[in-house]
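Worksheet: one structure, shown below.
The values are calculated or read from the model by the stated rules, or taken from the named source; none is laboratory data. Quick caveat, the model's predicted, so the values are computed rather than measured. With ideal geometry, Cβ positions are generated from the backbone for all residues, glycine too; neighbour counts draw on all protein chains shown. These accessible areas exclude ligands, DNA and RNA; they are computed on the full protein's heavy atoms, side chains included. Shrake-Rupley method; radii C 1.70, N 1.55, O 1.52, S 1.80 Å.
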Amino acid sequence: MQAIATHCPYCALQCGMHIADSPGLPIVSGNARFPVNKGGLCVKGWTSAATLGHRDRITTPLKRDSAGHLVEASWEDAFALVAQRIAAVQAEHGPNAVGVLGGGSLTNEKAYLVGKFARVALRTANVDYNGRFCMSSAAGAMQRALGIDRGLPFPLEDIARTKVLLLVGGNPAETMPPLMQYFQAQQEAGGRLVVVDPRRTATAAWAARHLAIRPGSDLALSNGLLHVLIRDGLIDNAFIEARTEGFDAVRSLAASYWPERVEGLTGIPQRDIVETAHLLGGASSAMVISARGPEQQAQGVNNVLGYINVALALGLPGREASGVGTLTGQGNGQGGREHGQKSDQLPGYRRLDDPDARRHVAQVWNVEESTIPAAGKSAFELLDALGGEIKALFVMGFNPAVSAPDSRRIAERLGALDLLVVSDFFLSETTEKAHLVLPAAQWAEEDGTMTNLEGRVILRRRAVAPPAGVRTDIEIVCGLANALGRGSHFKYGGAQEVFAELGRATAGGVADYSGISYERIDAENGVFWPCPASDHPGTPRLFQERFPTTNSRAKFHPVTLGEIADRRDAEHPLLLTTGRVLHHYQSGNQTRRIDELRELMPHPVAEMHPAAAARAGVAEGDQVTLTTRRGQVTLGVTVTRKVREDTVFVPFHWGGSQSANTLTGTALDPISRMPEFKISAARAERAPSTEEPE
Ligand code: SF4
């Protein structure tokens with residue numbers, strides 16, 4: 001039995017694994033030669049093959065009949081139906097009445113094609129992707145401050161060598177457990193990990209220090225750390241002078257965030273704030289890494305800028321075993337935001353409003369530059385316009401009926417469309433409203449590249465054949481383009497040819513992949529971008545000599561703590577925050593179908609502090625009803641001191657009546673357009689058990 005070296009379908013660690021086809025389920029094992037996970041996998045990786053031959057797979061196109069049922073259709077009928085309905089919509093409402101939504105789990109080749117399909121085949125401006133709900137605040141902050149958005153500008157091996165690591169709002173012990181080997185190595189070498197999180201997560205419990213921050217107060221903490229660093233002479237003046245700009249304004253601002261005040265704003269004891277600043281400022285090497293906690297807020301970009309200010313003041317970027325970055329979440333959350341499926345972007349992280357970038361990409365696509373539309377709506381704004389300005393929608397790798405904020409309303413909007421086409425391998429909460437569902441091949445059934453959280457471009461190899469009847473997403477996009485009369489621009493012999501074109505399109509851009517090939521990825525265990533030539537070694541570490549800004553300097557930003565959008569009041573006294581758990585991934589449409597994972601965690605459970613639970617009249621194992629200004633969800637409760645008294649945590653991997661996003665709000669960050677998933681004002685009440693009379 002030959003085992004193929006490939007990668008896990010889930011998170012951005014992109015663990016290396018081997019898959020051997022077998023008469024039953026394909027057999028998964030960890031790839032010890034892949035330097036990121038070194039053979040380790042989490043429970044999601046070990047069980048990932050269960051989705052491949054799953055009984056729920058869709059293997060034929062499905063179209064909705066006049067009675068509202070999904071019935072089988074041929075591929076030819078399906079493509080013809082899409083072409084005819086889109087032509088009708090665009091004839092009546094214009095090209096921008098058609099929207100496209102892609103995903104951060106799509107391969108680089110697919111992400112590239114989603115953007116090209118929207119702009120060349122559909123000629124719509126309205127294309128975006130679900131990374132808007134994941135990485136966009138980190139991306140916006142890193143671009144502004146550092147000139148480039150690569151989640152980690154250094155390889156993971158540097159984590160093992162750093163003396164102090166400040167991790168803000170991330171829980172890799174649950175979300176990407178093999179990553180913990182680097183934290184463990186750091187600890188064994190005498191390093192210290194400090195975790196900032198409203199919950200005492202598995203990662204926080206393991207850390208040397210846990211700062212249990214009040215949700216929404218990150219800018220008070222980062223400015224407070226800066227205050228102490230400046231006050232106590234712990235900043236790197238030589239680095240600030242030589243490699244940055246804008247520090248004076250930040251110094252003035254930080255003066256008003258003295259520890260006592262910051263304690264009141266964050267709930268973190270001032271002694272911990274001072275000691276953390278001294279740990280960071282006294283270390284020969286240090287890192288500041290943020291994740292979704294501070295990022296998924298309506299001031300998410302400013303939150304990340306605040307932590308970048310701390311790292312710049314300490315002179316960390318480019319220093320040995322040091323730096324500032326962010327933990328990417330989705331499988332291709334990095335590559336998926338580089339190659340043109342964002343509403344304002346062309347491949348290679350080029351700006352859509354840059355005339356040179358437009359000319360370059362138009363030439364690669366063999367179209368007139370003037371035909372490439374301008375920037376369109378971001379993901380939430382696009383979803384918000386369904387049934388209004390947007391009459392037809394094509395969705396690939398995204399389940400917005402579960403993962404969008406105020407999800408019940410979004411599910412209703414999906415039902416208001418003239419045409420909803422979804423490419424997926426399972427039915428989902430989103431396909432409940434679809435007019436057409438196109439069965440797609442899965443991760444291990446097709447070739448494609450992904451870019452992991454370090455910026456390492458890796459190759460996910462086809463290991464097993466897809467079921468008869470399904471097509472790859474690349475074949476689906478090309479088939480649709482052909483039906484729309486634009487097939488001459490979409491002729492590829494497979495994923496490798498798409499990647500070659502992607503390389504040409506990115507040449508000279510920020511995310512330059514033009515020197516990367518499938519052969520090099522195989523031979524070198526991945527290649528770090530930017531890599532502008534076939535003889536370029538790739539770039540594992542950024543910022544060692546300069547920042548890719550116009551004047552080569554990093555920029556400080558004076559950012560102050562703003563108000564939470566969804567403010568607490570007497571009716572909604574709690575702060576609801578959402579996140580991921582070990583056993584499930586994103587909207588759960590894959591992991592909820594895997595028996596082992598479902599048995600380990602069949603339902604979402606709310607975490608409440610004993611005092612908050614007592615006020616709500618709930619005890620361990622009871623049902624609690626959580627109410628926000630959007631809606632209500634009733635679910636089981638666990639009572640634990642691991643969560644702050646003012647905070648309740650709910651995982652977001654379930655749909656329907658258990659959807660945490662029924663509760664979340666739609667306030668958006670003004671720059672990244674990130675919704676405020678992490679903070680909703682909420683009320684908790686004991687729900688009557690089914691045995692109790694009403
Ligand atoms: Fe897959 Fe992420 Fe688990 Fe690795 S950590 S096995 S990539 S889900």
*What lysines sit close enough to Lys391 to cross-link, taking a C-alpha to C-alpha distance under 27 Å and skipping anything fewer than 8 places away on the same chain?*
Lys63, Lys110, Lys116, Lys342, Lys377, Lys433
_Computed accessible area, Leu146, all protein chains, 1.4 angstrom probe, square angstrom_ = 0 Å²
*asked:* Can you give me the long-range amide H partners of Thr47? Hydrogens built in the peptide plane at 1.01 Å from N, cutoff under 5 Å, separation of 5 or more residues or another chain.
replied: none
*What's the Cα-based Rg to Rh of the stretch 262-366, Rh via Kirkwood?*
1.12
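Given a Förster distance of 56 Å, report the FRET efficiency between Glu275 and Ser657 from their Cβ-Cβ distance, rounded to the nearest 0.05.
Numbers: r = 45 Å, r/R0 = 0.80.
Here the calculated transfer efficiency is 0.80.
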*Between the stretch 57-122 and the stretch 429-473, what is the C-alpha centre distance in whole Å?*
16 Å
*For the stretch 136-326, just say rounded, prolate or oblate: build the C-alpha gyration tensor, square-root its eigenvalues into a ≥ b ≥ c, call rounded for a/c under 1.5, and beyond that prolate if a/b exceeds b/c, oblate if not.*
rounded
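Using only C-alpha positions, report the orientation-averaged shadow area of the convex hull of the stretch 3-51, nm², one decimal. Don't skip to the answer; put the middle values down first.
Values: hull surface 12.1 nm².
Mean shadow area of the hull around the Cα atoms is 3.0 nm².
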*In square nanometres, what is the average projected area of the Cα convex hull of the stretch 413-462?*
4.8 nm²
_Estimated [θ] at 222 nm from DSSP helical runs (n ≥ 4, -39500 (n - 2.57)) normalised by residues in the chain, nearest 500_ = -8000 deg cm²/dmol
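In the stretch 353-413, what trypsin sites (Lys or Arg not before Pro) fall in a loop by DSSP, with at most 15 other Cβ atoms inside 10 Å?
Loop-located and lightly packed - none at all.
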*asked:* Can you find, among Phe652, Ala682, Leu352, the residue sitting farthest towards the positive end of the charge dipole of the chain, where Lys and Arg contribute +1 and Asp and Glu -1 at Cβ?
replied: Leu352
*Using only Cα atoms, what is the ratio of the radius of gyration of the stretch 574-686 to 2.2 N^0.38 Å?*
1.05
*How large is Rg/Rh for the chain, to two decimals, with Cα atoms and a Kirkwood Rh?*
0.95
_Inter-part distance where the stretch 284-308 and the stretch 616-694 are each reduced to a Cα centre, Å_ = 25 Å
_Give the lysines whose C-alpha is closer than 18 Å to that of Lys678, dropping any in the same chain fewer than 8 places away, or say none._
Lys642
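Would you tally the net charge around Ala440, using a Cβ to Cβ cut-off of less than 15 Å, leaving Ala440 out, and scoring K and R as +1, D and E as -1? Intermediate values should be presented prior to the final figure.
On the way: positive: Arg57, Lys110, Arg460, Arg462, Arg471; negative: Asp56, Glu109, Asp424, Glu445, Glu446, Asp447, Asp473, Glu475.
Within the 15 Å Cβ shell, the charges total -3.
I need the per residue convex hull volume for the stretch 395-435, using only the alpha carbons, in cubic angstrom as a whole number.
Values: hull volume 2.3 nm³, N = 41.
Hull volume over Cα atoms, normalised by residue count, gives 56 Å³.
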*Sticking with the crude label model, points 7 Å out along Cα→Cβ, report the distance from Glu563 to Ser534 in nm, one decimal please.*
6.0 nm
*Residues of the chain: accessible area per residue at 1.4 Å, in Å²?*
34 Å²
*asked:* Contact order normalised by length for the stretch 136-326, with contacts defined as Cα pairs under 8 Å and 6 or more residues apart; what percent is it?
replied: 31 percent
*Could you please report the charge total around Val559, scoring K, R as +1 and D, E as -1 over all other residues with beta-carbon less than 15 angstrom from its beta-carbon?*
-2
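List the GluC sites (Glu not before Pro) in the stretch 236-294 that DSSP assigns to loop (not H, G, I, E or B) and whose Cβ has at most 16 other Cβ atoms within 10 Å. Which are they? Don't skip to the answer; put the middle values down first.
Working: sites: Glu241, Glu245, Glu260, Glu263, Glu275; in loops: none.
Within the stretch 236-294, no GluC sites (Glu not before Pro) qualify (loop, at most 16 other Cβ atoms within 10 Å).
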*Where does the stretch 151-196 land on Rg(C-alpha)/(2.2 N^0.38 Å)?*
1.06
*Got a number for carbon plus sulfur as a percent of the chain's accessible area, 1.4 Å probe?*
49 percent
